[in-house]
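The values are calculated or read from the model by the stated rules, or taken from the named source; none is laboratory data. Remember, it's a predicted structure, so these values are computed and weren't measured experimentally. Backbone-built Cβ (ideal geometry, glycine too); neighbour counts: all protein chains shown.
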Amino acid sequence: MSSLHDPLELPSGVRLPNRIAKAALSEALGDVDNSPDERLVTLYRRWAEGGYGLLITGNIMVDRNHLGEPGNVAIEDDRALERLTAWTKAAHDGGAAIFAQLNHPGRQANLLALGHTPVAPSAVALAMPGATTPRALTPTEIEDIIERFATAAAVCEAAGFDGVQLHAAHGYLVTQFLSPLTNLRTDEWGGTPERRMRFLLEIVRRVRQRVSPGFAVAVKLNSADFQRGGFTEEDSRAVVAALAAESVDLIEVSGGNYESPAMGGSEAASTRAREAYFLDYARSVRREAGAVPIAVTGGFRSRTAMDDALTAGDCDLIGIARPTVTATDAASSILEGRTATLEAHEIQAGMRGLLGRITDLKALDGFLNISWNTDQLHRLARGLEPDLDRGPLVTALAMVRRNGRVSFSPKRGVA
């Protein structure tokens, strides 16, 4: 039986001071060279003072030519080592551990980057308006991406991060390899569930080879992608079992992708009321995970639900994301009993009758809420407080402006 106040020691020896993690939120606060600057230091200093045992960064890309969105930090070498070190120091000064979330978007590269051809396991287009059909990766390119993950992880260790989290959820490149809908390959990287998971396992192995034994390697994994014929819970359990046989320190459970969002402000009211959307799945993979701790992110709002999940042994770490945007001290407020239930601000698109005839409202609301939260993170990074009155129209315009600014800029060696 564990409580929120209990420390958690990971297999690598990394010690988290309590059981609440600030889960990844894409900050989009990199500079023109996709390096971190003082804004990320300011933002993470605020979170580190908020009582979290672990801070997980948002998308850090392993290739500057393939970004999920403008403003992503990218790590290809140690050119920004000093800035990365300032980032980790801000977290450690507040008493929190910090993991860098490493990612490659694959076919989910910025949809508004005109002229950019994304890459993927197979040439399967994202079912979103304006999405470009990706180019299938060659075996040599796959090996290069695996090495990029390892290089980025080594730089992160040099910069003082306590670990990395490999993003294998939400429809990004690793997920694309795992899913039979997006991986149609018949070579050693696809064709069977075992070969589809090889890309993830090779990344884990290569990263572990390049970092020290005391550096944590975590994985964020979908329970399912919630698409007919796609990555199922049965598939996911097999991946968990395979990861447990590797030197993995933590598996964070999530779900969904751009085409079928499972979290992010577009959930049904009944889903939100249940809290902890993926807790049933986490409970079901305890045996497969073995000694590897499980984190669950998505839906936790009340201290009661968090305590119950830990006490029952359903998970080892509670991840919270959106509530940390409007309350940077969400962890300490729960731990100290100042708050019984956290709140997450949500918005919806207007003109729903009209828009519902031309687009998927659930997906649109999901994008709007992601953008709203990004806007608030940018305010926090400037030392301001959140603007709770920011509406959907202003949010949508900011989203297009932020993501579309690369559409007419020169491309550097983009495939």
Among the residues of the range 296-312, is there at least one that is in a strand (DSSP E or B) and either touching a residue at least 60 places away in the same chain (Cβ under 8 Å) or surrounded by 22 or more Cβ atoms within 10 Å (Cβ to Cβ) (or both)? yes
Here is a check on your reading of the model: is Leu54 of a type in the set (A, V, I, L, M, F, W, C), in contact (Cβ under 8 Å) with a residue 60 or more places away in the chain and surrounded by fewer than 19 Cβ atoms within 10 Å (Cβ to Cβ)? no
Flag for Arg107 being surrounded by 23 or more Cβ atoms within 10 Å (Cβ to Cβ) and outside any strand (DSSP E or B): yes
The conditions are (1) closer than 22 Å to Pro134 by Cα; (2) modelled with pLDDT of 95 or more; (3) out of contact with any Leu (no Cβ under 8 Å at 6 or more places or on another chain), and Phe226 fails exactly one of them. Which is it? (2)
Can you confirm whether the range 122-132 contains a residue that is touching a Gly at 6+ places or on another chain (Cβ under 9 Å), buried (at least 24 other Cβ atoms within 10 Å of the Cβ) and under 19 Å from Gln176 (Cα atoms)? no
If you check Gly68 against the conditions, is it buried (at least 17 other Cβ atoms within 10 Å of the Cβ), at pLDDT below 95 and within 26 Å of Gly299 (Cβ to Cβ)? yes
Looking at Gly366, Gly337, Gly353, Gly383, which one is at pLDDT below 90 and surrounded by fewer than 16 Cβ atoms within 10 Å (Cβ to Cβ)? Gly353
Verdict on Arg79 being at pLDDT 95 or above, farther than 20 Å from Val219 by Cα and either touching a helix residue (DSSP H, G or I) at 6+ places or on another chain (Cβ under 6 Å) or of a type in the set (D, E, K, R) (or both): yes
Checking the conditions here, which among Ala282, Ala276, Ala309, Ala289 is of a type in the set (Gly, Ala, Ser), touching a strand residue (DSSP E or B) at 6+ places or on another chain (Cβ under 8 Å) and at pLDDT below 90? Ala276
Is it fair to say Leu102 is within 28 Å of Gly366 (Cβ to Cβ), of a type outside the set (Asp, Glu), touching a residue at least 40 places away in the same chain (Cβ under 8 Å) and not in a loop (DSSP other than H, G, I, E, B)? yes
Between residues in the range 374-392 that are in a loop (DSSP other than H, G, I, E, B) and residues that are among the hydroxyl-bearing types (Ser, Thr, Tyr), which pairs lie under 6 Å by C-beta distance while being six or more apart or on different chains? Pro386/Thr326
Pairs with Cβ under 9 Å, 6+ apart, first in the range 112-133 and charged (D, E, K, R), second surrounded by 15 or more Cβ atoms within 10 Å (Cβ to Cβ) and in a strand (DSSP E or B): none
A careful count of residues in the range 330-373 that are part of a helix (DSSP H, G or I) and under 30 Å from Asp6 (Cβ atoms) gives 7
Search the range 1-49 for residues being part of a helix (DSSP H, G or I) and touching a Ser or Thr at 6+ places or on another chain (Cβ under 9 Å), and hand back the single one that is surrounded by the fewest Cβ atoms within 10 Å (Cβ to Cβ). Arg46
